[in-house]
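K.L.:
This is the structure, below, for whatever I ask next.
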Amino acid sequence: MGKVISVVNQKGGVAKTTTTLNLGAGLARKGKKVLLIDGDPQGNLTASLGYVEPDAIETTLATIMMHIINDEEIDEQEGILHHEEQVDLLPANIELSGLEITMSNATRGKLIMKEYIDMMRLRYDYILIDCMSSLGMMTINALVASDTVLIPVQAAYLSVKGLQQLIRTISMVKKRLNRKLMIQGILLTMVDFRTNYAKDIASRVRKSYGSKIDIFENIIPLSVKIAEASAEGKSIYKYCPNGKGSAAYENLTREVLENEK
Ligand code: ADP
Ligand code: MG
């Protein structure tokens, strides 16, 4: 049975998509069978994997979710794209934005993605969901369907208020809809070692959340190469195998594999 990780933060630009891509590709390089789900109508994950025009893609997460809402059969292969870096992708595009309201009106509207994920779990070792930058129905659906939540936080713009709100939402989902949901950890991203002292930021986060939430030991440095890789439709391992970005995401991958929970 595969493990399902949602990559969540309602704040945009904190490296959710970048982390989904590079952690996913990292796990695939370790021999794991990986499915990435683009849960954002912006389709950034889809574009970062080289599918440059997400809106031109016919079958996406929105298609699958509509099947479930309408009680239609789903084929397990439907909509899945096979990327050359050995990860599979269920893409998303602007069609997903119409679904928030549809889901709000559907009975069991918070359980739609779970129905799909529970079916796909049997086929993969890891399923990573790249959530959109909001705590709306789409993200709630992802949390209900997941085992753990990975929270990327942009080190230089730590938003304590935002994190508190996010953690409240996760607790609410855990209490009412998904008892087994755990926080995998907070990941510090885009750390600029010239100006931020990663240890100071980590201790600030720790102070705010006590010992309740794990913070990944590995942090992701600010690196132009990481941004460039996504623009090229590649993982950092392919784009710049010997750089610090590649090493950081490889170490994160190892940490995720070691901290099986
Ligand atoms: P989110 O999905 O949370 O909105 P993204 O993954 O799209 O965030 O990242 C926001 C921007 O920052 C993108 O342009 C991305 O390429 C860039 N970026 C992500 N990680 C890094 C990093 N470690 N160093 C430099 N730029 C990064
Ligand atoms: Mg994103």
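What follows draws every value from the coordinates through simple rules; no lab data is involved. Note that the coordinates shown come from a computational prediction; the quantities given were computed from them, not determined experimentally. Positions of Cβ are backbone-derived with ideal geometry, glycine not excepted, and every protein chain shown enters the neighbour counts.
K.L.:
On full extension of the chain, what length is gained from ARG168 through THR59, given 0.36 nm per residue of separation minus the C-alpha to C-alpha distance?
P.N.:
This chain segment gains 35.9 nm when fully extended.
K.L.:
Taking the Cβ of ALA62 as the center, what net charge do the other residues with Cβ under 11 Å away carry, scoring Lys and Arg +1 and Asp and Glu -1?
P.N.:
-4
K.L.:
Same structure, new question: If you wrap a convex hull around the Cα atoms of the chain, how much volume per residue is inside, in Å³?
P.N.:
Once divided by residue count, the hull of the chain is 114 Å³.
K.L.:
Only Cα pairs within less than 10 Å get springs; with that Gaussian network setup on the chain, which residue of THR107, THR18, THR60 has the largest fluctuation?
P.N.:
In this elastic network of the chain, the residue with the biggest mean-square fluctuation among THR107, THR18, THR60 is THR107.
K.L.:
Placing +1 on the Cβ of each Lys and Arg and -1 on the Cβ of each Asp and Glu in the chain, which of ASN70, VAL34, VAL4 has its Cα farthest towards the positive end of the resulting dipole?
P.N.:
The residue sitting most towards the positive pole is VAL4.
K.L.:
Can I ask one more? With +1 on each Lys and Arg Cβ and -1 on each Asp and Glu Cβ, how big is the dipole of the chain about its Cα centre, in debye rounded to the nearest 20?
P.N.:
In debye, rounded to 20, the chain gives about 1720.
K.L.:
Take region 153-256, compute every pairwise Cα distance, and split them into 5 Å bins from 0; I just need the percent in each bin.
P.N.:
2, 12, 19, 20, 18, 14, 10, 5, 1
K.L.:
So for the chain: antiparallel DSSP bridges make up what percent, rounded to the nearest 5?
P.N.:
Taking every DSSP beta bridge with both residues in the chain, the antiparallel ones total about 5 percent.
K.L.:
Shifting gears a bit: Name the residue farthest towards the positive end of the dipole of the chain from the options ALA227, MET119, LEU45, assuming +1 on Cβ of Lys and Arg, -1 on Cβ of Asp and Glu, about the Cα centre.
P.N.:
Going by the charge dipole, the pick is ALA227.
K.L.:
To the nearest 0.05, what FRET efficiency results for LYS33 and ALA247 with a Förster distance of 30 Å applied to their C-beta separation?
P.N.:
0.80
K.L.:
Give the shape of region 37-190 as rounded, prolate or oblate, defined through the alpha-carbon gyration tensor: a ≥ b ≥ c are the square roots of its eigenvalues, a/c under 1.5 means rounded, and otherwise the shape is prolate if a/b is larger than b/c and oblate if not.
P.N.:
Verdict is oblate for region 37-190.
K.L.:
How do ASP75, ASP214 line up, fewest other C-beta atoms within 10 Å first?
P.N.:
ASP75, ASP214
K.L.:
If each DSSP helix of 4+ residues adds -39,500 (n - 2.57) and the sum is divided by the residues in the chain, what number results at 222 nm, nearest 500 deg cm²/dmol?
P.N.:
Computed ellipticity for the chain at 222 nm equals -12000 deg cm²/dmol.
K.L.:
Taking 0.36 nm per intervening residue step and subtracting the Cα-Cα distance, what contour gain separates ASP75 from ALA156 on full extension?
P.N.:
That works out to 24.8 nm of additional length.
K.L.:
Name the residue, out of LEU45, LEU158, LEU36, whose mean-square fluctuation peaks in a Gaussian network model built on the chain with Cα pairs under 10 Å.
P.N.:
Top of the fluctuation ranking is LEU158.
K.L.:
Taking the simple approach of a point 7 Å from Cα along Cα-to-Cβ for both GLU232 and SER203, what is their distance in nm?
P.N.:
3.9
K.L.:
Pick out, in residue order, every one of the GluC sites (Glu not before Pro) in region 203-234 that is DSSP loop and has at most 14 other C-beta atoms within 10 Å; say none if there are none.
P.N.:
GLU217, GLU232
K.L.:
So for region 187-261, if I pair up every lysine 8 or more residues apart or on another chain, how many of those pairs have alpha-carbons under 29 Å apart?
P.N.:
15
K.L.:
To the nearest Å, what is the center-to-center distance of region 59-126 and region 153-191, using C-alpha atoms only?
P.N.:
23
K.L.:
Where the only charges are on Cβ atoms (+1 Lys, Arg; -1 Asp, Glu), what is the dipole of region 167-250 about its Cα centre, to the nearest 20 debye?
P.N.:
Charge dipole of region 167-250: 660 debye, to the nearest 20.
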